[in-house]
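Taken together, the values in this text are just the output of simple stated rules run on the coordinates, not laboratory data. Quick caveat: nothing in here was measured; it's all calculated off a predicted structure. As a convention, Cβ positions derive from the backbone with ideal geometry for all residues, glycine included, and neighbour counts pool all protein chains shown.
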Amino acid sequence: MSEPAPYAPWRKKPFAVIAADAGAVRIAAANSAARAAGVDPGLSLTDARAVVPTLKVVEADPAADRACLDAMLAWARRYTPWLAIEGLDERGGAGLWLDITGCAHLFGGEQALLQDVKSRLNRLGFVCRLGLADTPGAAWAAARCLTSSGAPACVPEGEQRTHLSMLPTTALRLSPRTLETLNRLGVRTLADLLVLPRAPLTRRFGQEVCLRLDQLLGRVDEPLSPEMERLPYVARINFAEPIGRTEDVEAALRDLLDSLCVRLEKDRKGIRRLVFEVFRVDNTADRIAMGTGQAVRRPEHLFRLFREKIDGLDAGFGIEFLMLTVTATDLMASEQERISIGTKPESERASQSGRDLALLIDRLEARLGSGRVVRPQIRASHIPERAAGFVPALSRVNQATLPGDVREAALLHSDFGRMRPGARPIHLLPKPESVDPMPVGASASPTQVMPLPGFSWRRQTYHLAAAEGPERIAGSWWRGALPPDRSKEQQSYFTLCEDGGAVREYWRVESEDGARFWLFYLPFPLLQSRADHQPRWFLHGLFA
Amino acid sequence: MHGVSGTSPKLEALREQIQKIEGLPRTSEDILPFGLADIDEALPWGGLPLACLHHVVGEDDALGACGFAPSAVTFVAALTARLKARRKECGTVLWCLPRYKAADTLYGPALNTLGLSEDALVLARAKDETEALWAMEEGLCCPDIDAVIGSLASPLSLAAERRLQLAAERGGTTGFLLQPGLAAASASAAVTRWRVGAAPSAPPLWPGLGQTRWTLTLDRCRQGTPHSWTVEWCDETCTFRLAAPLCDRSLDQFPGQASAHERTSALRAVA
């Protein structure tokens, strides 16, 4: 099958799919018009263009091919539940296997079924080749070598040998190397092959040739492994009488979770997102969506996630039915459940380590809201407020997502944020707060190096006893100079402080009763014109 | 309790039973020593008992009025870091705090130097104190958590504290209830109650700041008696030590320092 609907206008013109292969762009597949003109799969694009200058090409997209095959498989489920995909490869394109044993009579016989498949596919815009036979091998051969006129090829029951013996050896699913060797030996058709003694064939080619031949003739079984239908993970419970009590809803939710988790366990999957819907008798509904940080399959954990929200549920006139839908899953290996609960032997702690934490974080996030459970993150920056940040607790920090200049700095100084102990305050105010410095001379102690005798902050006055500094921290000067016209108000002042390269002189000071502060002084006023009115001293942090 | 000796085995058995009921530790594994003989001796267990609730309040001073208690925060952070280091596993500390309050201004690089690295700490920023308490209780029940710290501004009811204490016993996790500046020492279900405040540091022999000093008060202690110490906190080694008796800051008693100052001022004059 080839050429899905979007390429329908090109059906009559030479058209090919190309793929890069071993350093050259080659034709992966070509339509009948192109093949008639001499463009065969395997030809390089340059050669193909030389043969057919008007050749239309499009790049191969294996993922889209696979998705299309999956969709067709779902479509073909109307004929039989026993379906399989034959993947794309060099032996003649992809295909679908339909095992119609016991199904043909529902469509009025084998011929009628074939016609039905063909007409429906044609209507969908697909060109198809259909082969029907006793064995998959024979059907494969019939579909590829007996359908030159376009009509479905049907090999009558038990007559593979008579019907297919004149076919070329390419009708067997052999590797290109084997085919080439057979060709060189003069073995061109199946009839040639069938008369050869088996022992020398096996000695020369291994099992391959005889196996394919036996599969075609039905001497060896070739089971199809069917693609199972993926049922959505939905569980639903109906009530004979409307319910309204929270306990009843909880009990029902437990049942739903149990049934879903058993199914997920079988499929080795875990829940990432889940929607719980409550349908009331008056045709109104409520939905509670829930996400987890990592795949989960433990009903009691999921139940605890929901329990926080069930309390706020309004039962109205009564609840008619409940539905639980898994909207996202992740692969999750099977695990052995813990047997003892409550005790914590060391070995158990180690084996379980990390799982419980992730579950706890899920539970906290479910109640506190997403983004409320965080880990501190240390960033490579010399500017204090930029050196620290927060990331969601379950995410792993990805260096690549950091801004470019930070990443460069991180490469230069891999442990930028790891300061000398005691150099940074335990509390850092989100925004530096301006303080009123005491006039110099009010309580001067002449021997200490003192930037200022005291200050008042949040209506409290602190007299300083000792100080250490200054630690001069320049802004990110590489981000460009201050735009002269934007620094109008106090509001924009601090954004400029961060981005524009204002220099700050940090002092660690201790008040008379021992409290320690991190103050900074702006040695150069940002606005020369209004230098007198601008605060110059700021409080940025508190030390222990 | 350990000091009492020479009693009948019956009495010993009874004591053991009471201790069991109280849920206090019996083995040395459940005890975190301060590494400071004076403090460890003042505690009846020879250290800080684990798997229970401790109450740490900041001094009721000007900073406490603004909701800050940097000394108490550092004290608790240092204790949990020490606890985590002792366990040898990659445990985690859960810090529950109401967001948009003074408590939510913790600075990562400083916590890092205290020994609470960024992968060892999870912050739960609650909407209000009720949510923070709920998060604390959840954390105390989780076996992967080594310690839970709750920064709360208002005093708790006895029932709430008792609930946390029971959760800590059940989960085997140590809880720290951290409150800035609480005036009255009300009844408490916590096993110990500490008051941490900044104390003026001793001037060093060079211009600048001396070692951080705290007044560390053991306000309440089950089976123990209150005590008070002035300790010096060493940033470099993350250890406490008892401060030498505090001296007046006048320079007469520190001739060495005076000379150091003179030297620096002379240098400055030359510069």
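With neighbour counts taken as other beta-carbon atoms within 10 Å, the residues A:368, B:177, A:224 rank, fewest first, as A:224, A:368, B:177.
The ellipsoid equivalent to the alpha-carbon distribution of region A:63-217 has semi-axes of 29, 18, 13 angstrom, derived from the gyration tensor eigenvalues as √(5λ) and listed largest first. Among A:509, B:191, A:187, a tally of other beta-carbon atoms within 10 Å of each Cβ gives an order, fewest to most, of A:187, A:509, B:191. For region B:36-191, what does the alpha-carbon gyration tensor say about shape, rounded, prolate or oblate, given a ≥ b ≥ c as the root eigenvalues, a/c under 1.5 as rounded, and a/b over b/c as prolate? Note, shape of region B:36-191 comes out rounded.
Checking every one of the GluC sites (Glu not before Pro) in region A:179-276 against DSSP loop status and a limit of 12 other Cβ atoms within 10 Å picks out A:229. Look at A:540, A:163 and count the other Cβ atoms within 10 Å of each Cβ; fewest to most, that gives A:163, A:540.
With the Cα gyration tensor of region A:106-145 giving a ≥ b ≥ c as the square roots of its eigenvalues, does the rule (a/c under 1.5 for rounded; else a/b larger than b/c for prolate; else oblate) give rounded, prolate or oblate? The shape class here is oblate. Once you have a ≥ b ≥ c as the square roots of the Cα gyration tensor eigenvalues for region B:47-117, tell me rounded if a/c is under 1.5, and otherwise prolate or oblate according to whether a/b is larger than b/c. Verdict is prolate for region B:47-117.
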